[in-house]
Structure formats: structure tokens, C-alpha cells
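Chemist: Input: one structure, supplied below.
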Amino acid sequence: MRLKNLLFLVLIHTYPLFAEKFGPYDLSFTHASSAGMAGLGVGKIDPSSNLYSNPALLSSNQKYIVDGAITVSTDQGKYSAVKPLSAGFYIPVDSKNGWGVTGKQSYYQNFPGGYDTMSNYTFSLFWSYKFSENWNGSFGIGPSVVYRGGYQSSFSISPTASLSYKKEKHLVGLIMQSPGAFRLEGYRGVDNLKERLPEYAALGYSYQLQQTVIYSEVRKIFWERSSFDLNGQSSRPSLDRGLGAEVKLSLGLEQTIKDSPFQIRAGIESGGFYDTKGINRRSIGIAAGISWNVFSTKEEEVFKIHLALINYSIFSKSGGRQPESILFLSTSYLF
């Protein structure tokens, strides 16, 4: 009996060594303004959101920008911690270029919690330039870090490049980012994790109709470039390919209310989420958002508050992703 008890204790103590499973994650929206349309906002002009989604669109911006955001999630009565979502500033140099610094959550996993909770934050010092009347570009680089279940990884380097083309009422934007590769020594107390997060690209298009903006976006995560090695062995399962976790589609609408300080938004996302076994848990997300122009002055100072909610529970079904709802709150000051 004593021998059985001893073996039981040894198994409990060493369980994390053998519990090698993939810790899934998803691409994060970075600002409440774009989240209200269920997208990153790479192909739509919104200076505070463009800080993170497509800095190329800031090259013609003549205002200083200071912005910050937080996020929190809920799933069947459980709540995640309130987390920083993004923060940054932009300084125009002249009518054709400027520079800025940003930090944003690029990948995340809020539930079920414990060791599976994950946040990847990427930071960037970027420069934006207007090449011609229609073309704008931007390049940035900075450190990147991963937090898993309270454990912090080593730092990596994360480059970002973006491009935009605007003609009359049409706007197309593109962004590509590489979050980097990381090491977590002593993960879960005893494990050593080496992880590479996949590059992603997003392409957005918007059409301006007076006070209405129609928006569409497609996002591609290059999962074949990812890795998840625990204690020297690959623990990333074979991932289901196709629409969902690999390619996501979004459609959105923004309406500026005439003679009012408010803008309202709505959007839908067709996407998915990989579980620990690599199964593509497809889903539909419904988003809504609002922006409030709290005040503006003759000197063109503007302070805005943005709020958005995306819900994955309305159309959730058995075998789909967890029925999570995510709340975004952003504030921006332009002067």
C-alpha cells in the first residue's frame, strides 16, 4: 500500500512533464473602433485605430495621436482578467511622413484559463511615408513577448510592414507581421517550452458613401510557420486546414450620425479557433460598436471614447469554438 501511495505521489508531481499539449491561441483585434466591425481595420481610415492596424495610413495625418485600450472577456459566467489591449502615440514630421511607437496584443487565449491562458504583446517603433498621391507605406520593428499562465517568455524581434492605396472613395490596406520565436524555461514549474508564433497578413477594403463606410477584410494566419515544442518534443498537432482558424472573413458597416458626436458600427466575422487537438472549431462572431466624440476645440483637439463587443455565443453550436464574448474599450486624443 505504501508503495502504491508513493507511486501515486510521484505521478502527480511529474504530471506536467507528460501532459504535453498544444496551447492554442487566436489573432486579436487591437482597437475598439475596428473591433466594432469585427476586423483589424487595415483598410479603413481611423487614425487612432491605424496606429496598430495600418500605420501607413497615418503618413498624411497632421495631428499628434495618443491612444490606449483595455479588454475583458466572459464565457458562460466566467470572466477573464482585464488586460491591456494596446497603447501608442504618433508624431507627424511633415505632410508626407511621421513616426510613432505602439504596443499591442497580437495573439491571445482567454479561456479556459490556467496554463492555457495566453497573451502575445508586440511593440514597434515605426515610420510612415507617403510615396505618392495614392500610395502610402510603413515599416516598424520592436520586441515581442509571450505570457502563458503567468509565465513570461524570452523576448523576440517582431517586424511589421504595411501598405495602403486610396483613390477617390476606395481604399485598400495590407499589413504583415511576424511575432517571433520564444522560450519559456520553467513553464508550468517544470517544463521547457520553445514556441514560434505564426506570421499573419490582413487585407482590407473600404468604400466611403458620405456618412457611411462599407468595410470588408480577410485575414490569413500562416500556421505552417508555427511550432510548439515542450521538453524537446513537438507538441503541436496536425492542424485542420481551410476557412476558419486559418482564414477569417469580416464584413462591417460604420455610420456617422449627422449633427451628433456619435458613430455606430456593426460587423460579422466568419472564423474559427484551433483547440488543443488541432481541430478547427468554426464560428460566427457578431460585433457592435460605438464611438463618442467627447469634445473637440477650435484648435482641432479631439478626445474620443470607443466601445465594442464581439459575441461568439449567439451562433455557437456543439463542436464550435467556446461561446466567448469580448469587450473592448479605447480612448484616443488627437491634437
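Chemist: In the stretch 115-125, which residues are surrounded by 18 or more Cβ atoms within 10 Å (Cβ to Cβ) and within 19 Å of Gly88 (Cα to Cα)?
Modeler: Hits for the stretch 115-125 are Ser119, Asn120, Tyr121, Thr122, Phe123, Ser124.
Chemist: If you don't mind, there's one more thing I want to ask. Residue by residue through the stretch 56-108, note down the ones that are among the acidic types (Asp, Glu) and in contact with a strand residue (DSSP E or B) (Cβ under 6 Å, 6 or more places away or on another chain).
Modeler: If the condition is that a residue be among the acidic types (Asp, Glu) and in contact with a strand residue (DSSP E or B) (Cβ under 6 Å, 6 or more places away or on another chain), then Asp67 is the only one that fits.
Chemist: Now for a different question. Suppose we keep only residues that are closer than 21 Å to Arg148 by Cα, hydroxyl-bearing (Ser, Thr, Tyr) and part of a loop (DSSP other than H, G, I, E, B) within the stretch 225-248. Which one would you say is nearest to the chain's Cα centre (by Cα)?
Modeler: Filtering first and then ranking leaves Ser226.
Chemist: Follow-up. Determine which single condition Ser260 fails, assuming it passes every other condition in (1) within 21 Å of Ala32 (Cα to Cα); (2) touching a residue at least 40 places away in the same chain (Cβ under 8 Å); (3) part of a loop (DSSP other than H, G, I, E, B).
Modeler: (2)
Chemist: Scan the stretch 288-322 for residues that are farther than 16 Å from Ser270 by Cβ and touching an Asp or Glu at 6+ places or on another chain (Cβ under 7 Å) and jot them down.
Modeler: Gln322
Chemist: Does Ser128 count as polar (S, T, N, Q), part of a strand (DSSP E or B), at pLDDT 95 or above and surrounded by fewer than 19 Cβ atoms within 10 Å (Cβ to Cβ)?
Modeler: It is false that Ser128 is polar (S, T, N, Q), part of a strand (DSSP E or B), at pLDDT 95 or above and surrounded by fewer than 19 Cβ atoms within 10 Å (Cβ to Cβ).
Chemist: Now a separate question. Just to be sure I understand, how many residues within the stretch 297-335 are within 21 Å of Pro92 (Cβ to Cβ), surrounded by fewer than 16 Cβ atoms within 10 Å (Cβ to Cβ) and in contact with a Leu (Cβ under 9 Å, 6 or more places away or on another chain)?
Modeler: The number of residues fulfilling the criteria is 2.
Chemist: Suppose we filter Ser153, Ser164, Ser158 for residues that are surrounded by 16 or more Cβ atoms within 10 Å (Cβ to Cβ), over 22 Å from Pro84 (Cα atoms) and touching a residue at least 12 places away in the same chain (Cβ under 8 Å); which single one remains?
Modeler: Result of the check over Ser153, Ser164, Ser158: Ser164.
Chemist: Which of the residues spanning the stretch 167-184 are surrounded by 20 or more Cβ atoms within 10 Å (Cβ to Cβ), over 18 Å from Asp46 (Cα atoms) and either among the charged types (D, E, K, R) or in contact with a helix residue (DSSP H, G or I) (Cβ under 9 Å, 6 or more places away or on another chain) (or both)?
Modeler: If the condition is that a residue be surrounded by 20 or more Cβ atoms within 10 Å (Cβ to Cβ), over 18 Å from Asp46 (Cα atoms) and either among the charged types (D, E, K, R) or in contact with a helix residue (DSSP H, G or I) (Cβ under 9 Å, 6 or more places away or on another chain) (or both), then Ser178 is the only one that fits.
Chemist: Check whether at least one residue in the stretch 105-124 is under 28 Å from Tyr205 (Cβ atoms) and without any contact (Cβ under 8 Å) to a residue 12 or more places away in the chain, and report yes or no.
Modeler: No: the stretch 105-124 contains no residue that is under 28 Å from Tyr205 (Cβ atoms) and without any contact (Cβ under 8 Å) to a residue 12 or more places away in the chain.
Chemist: Of all residues in the stretch 88-114, which are charged (D, E, K, R) and surrounded by fewer than 21 Cβ atoms within 10 Å (Cβ to Cβ)?
Modeler: Across the stretch 88-114, the qualifying residues are Asp94, Lys96.
Chemist: From the set of residues in the stretch 235-272 that are in contact with a Phe, Trp or Tyr (Cβ under 7 Å, 6 or more places away or on another chain) and over 30 Å from Val294 (Cα atoms), which is surrounded by the most Cβ atoms within 10 Å (Cβ to Cβ)?
Modeler: Among those that are in contact with a Phe, Trp or Tyr (Cβ under 7 Å, 6 or more places away or on another chain) and over 30 Å from Val294 (Cα atoms), it is Ala245.
Chemist: I'd like to know if the stretch 73-87 contains one or more residues that are surrounded by fewer than 24 Cβ atoms within 10 Å (Cβ to Cβ), on the phi > 0 side of the Ramachandran plot and at pLDDT below 95.
Modeler: The answer is yes; a qualifying residue exists.
Chemist: Also, quick follow-up: Against the condition touching a residue at least 12 places away in the same chain (Cβ under 8 Å) and over 19 Å from Ser59 (Cβ atoms), how does Ser234 come out, does it pass?
Modeler: So Ser234 fails the test.
Chemist: Inspect all residues belonging to the stretch 168-188 and state whether any of them is farther than 22 Å from Leu51 by Cα and among the small types (Gly, Ala, Ser).
Modeler: The answer is yes; a qualifying residue exists.
Chemist: I've got another one for you. Report whether or not Leu125 is closer than 21 Å to Val145 by Cβ and of a type outside the set (Gly, Ala, Ser).
Modeler: yes
Chemist: Right, another one. Under 6 Å by Cβ, and 6 or more places apart or on different chains, what pairs join a residue from the stretch 40-69 that is buried (at least 24 other Cβ atoms within 10 Å of the Cβ) with one that is hydrophobic (A, V, I, L, M, F, W, C) and not in a strand (DSSP E or B)?
Modeler: Filtered contacts from the stretch 40-69: Asn50/Leu57; Asn50/Leu58; Ser53/Leu40; Ser53/Val42; Asn54/Val42; Leu57/Ile45; Asp67/Leu51.
The values are calculated or read from the model by the stated rules, or taken from the named source; none is laboratory data. What you see is a predicted model; the values in this text were computed from it and never measured. All Cβ positions, glycine included, derive from the backbone under ideal geometry; neighbour counts span all protein chains shown.
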